[in-house]
Structure formats: structure tokens, C-alpha cells
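Following: one structure in C-alpha cells, then a few remarks.
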Amino acid sequence: MAKFFREFREFAVKGNVIDMAVGIIIGGAFTLIVQSLVKDVMNPLIGLLVGGIDFSNLFVVLREGVAGAPYATLAEAQAAGAVTLNVGLFINAVVSFSIVAFVVFLLVRTINRLKREEAVAPADPTEKPCPYCLMVVPIKAVRCGHCTSELQTAAPEKPAESV
């Protein structure tokens with residue numbers, strides 16, 4: 001049992017697990033911000049543009065409740081026991097998802113750009129092609145291991161064609 005707890009402790013304090021926990025907490029807080037942005041800023045503006053529609057109260061009554069229709073708000077319909085198709089809440093969810101997806105895209109794009117900038121310059125070559133047979137040989141080789149030609153430090157002239 002002690003081994004189990006020791007293994008669990010090692011797992012729980014690994015850097016990746018802690019990073020993941022921090023990411024989940026930040027993601028939860030970010031979700032609240034996005035929901036407020038959609039509900040309190042975007043939806044009133046969109047509603048104003050399309051004629052004063054409040055998306056949170058955009059619904060279709062599938063079956064009336066105890067008190068008859070019409071229902072002015074979704075809350076009234078639900079309080080009366082009506083079965084509703086909550087189109088406005090779905091639109092809010094789609095807008096929220098789109099904002100979160102766009103922000104995550106920007107974040108991943110920025111991280112990928114930073115990783116490309118951190119890429120190390122390529123090291124000096126360790127191999128070169130043999131000018132005679134075009135096989136790859138070590139850069140310090142003085143003879144080709146494939147055709148046994150002597151290799152020069154400067155690029156040799158093209159070999160004479162045999163007739």
C-alpha cells in the first residue's frame with residue numbers, strides 16, 4: 001500500500017500533471033469570461049443589429065405547459081412546464097465555442113511560431129558527395145569508400161569521359 005501512495009505522489013507532482021491542473025483552472029476562468037462576453041456584450045449587439053432580439057429568450061414551444069401560451073420569456077415557459085426548443089441558448093453556445101476556438105487557435109499559432117524561432121541553426125555538414133560517383137562520404141575522407149577515387153579539398157574538375 002505504501003508503494004501505491006509513493007507512486008501516486010510521484011505521478012501527482014510531475015511537471016506535466018501540475019501544468020495540466022493549472023491549464024484546467026485557467027480554462028475554467030476563461031470560460032466564465034467568454035460566457036460573459038457572449039451574454040453581456042455580443043448578444044445585445046447582435047440582437048440590436050437584427051431588430052432587438054434577445055437570444056437568451058429565443059425559443060420554440062413544442063408542448064404548452066399548465067398555463068397557456070404565449071410565454072414572454074423562456075423562464076415563464078419553463079415555470080409553466082412547457083417543453084421548449086431553446087434555439088437562443090444554442091446560438092449562445094455556438095458563439096461561445098467559436099470565440100474559445102479562435103483564441104485557442106491564436107494561442108497555438110503563437111506557440112508554434114515561437115518554437116520555429118527557437119530552432120537551432122543547422123550544424124556544419126558531416127558528409128559530402130563524392131564528385132565522381134556521387135555517393136555520400138564523410139567530410140574528412142581523402143578517398144571515396146565506394147569508387148576509391150582520391151578526394152580533394154577543393155571541388156575537382158569534372159572527370160574525363162572514357163571512350
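The values are calculated or read from the model by the stated rules, or taken from the named source; none is laboratory data. If you're wondering where the values come from, they're calculated on a predicted model, not measured in any experiment. We place every Cβ from the backbone using ideal geometry, glycine too, and count neighbours over all the protein chains shown. These area figures cover heavy atoms from the full protein model, side chains too; ligands, DNA and RNA do not enter into them. Shrake-Rupley method; radii C 1.70, N 1.55, O 1.52, S 1.80 Å.
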* Asked: Relative to the longest principal Cα axis of the chain, at what angle does helix 87-118 sit, 0 to 90 degrees, rounded to 10?
  -> 20 degrees
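Would you kindly give the portion of the calculated P(r) for the chain that falls above 23 Å, as a percent of all Cα pairs?
Numbers: 9385 of 13203 pairs.
Within the chain, distances greater than 23 Å cover 71 percent of Cα pairs.
On the protein heavy atoms, probe 1.4 angstrom, tell me the percent of accessible surface of segment 1-147 carried by carbon and sulfur.
On the way: 7840 of 11390 Å².
Ligands and nucleic acids excluded, carbon and sulfur give 69 percent.
With a 1.4 Å probe and every protein chain left in place, work out the accessible area per residue of the chain in Å², rounded to a whole number.
Heavy-atom accessible area per residue stands at 80 Å².
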* Structure fact -> Helix 15-36 sits off the longest principal axis of the Cα atoms of the chain, rounded to the nearest 10 on a 0 to 90 degree scale, by 40 degrees
* Asked: What is the magnitude of the charge dipole of the chain about its Cα centre, with +1 placed on the Cβ of each Lys and Arg, -1 on the Cβ of each Asp and Glu, and no other charges, expressed in debye to the nearest 20?
  -> 420 debye
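Classify segment 5-91: rounded, prolate or oblate, from the alpha-carbon gyration tensor (a ≥ b ≥ c, eigenvalue square roots; a/c under 1.5 rounded; otherwise prolate if a/b is larger than b/c)? Write down the numbers at each step before the final one.
Numbers: a/c = 5.50, a/b = 2.15, b/c = 2.55.
It comes out oblate by the Cα gyration axes.
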* To do: Enumerate the calculated ³J(HN,Hα) couplings along segment 57-74 in order (Karplus 6.51 cos²θ - 1.76 cosθ + 1.60, θ = phi - 60°), each rounded to whole Hz, writing x wherever the residue is Gly or Pro.
  => 10, 8, 8, 10, 7, 8, 8, 5, x, 4, 7, x, 6, x, 10, 6, 10, 5
* Cα-based Lys proximity count in the chain, under 26 Å, for pairs eight or more positions apart or on separate chains -> 5
* Structure fact -> Per-residue accessible area, 1.4 Å probe, largest first, puts Lys128, Lys3 in the order Lys3, Lys128
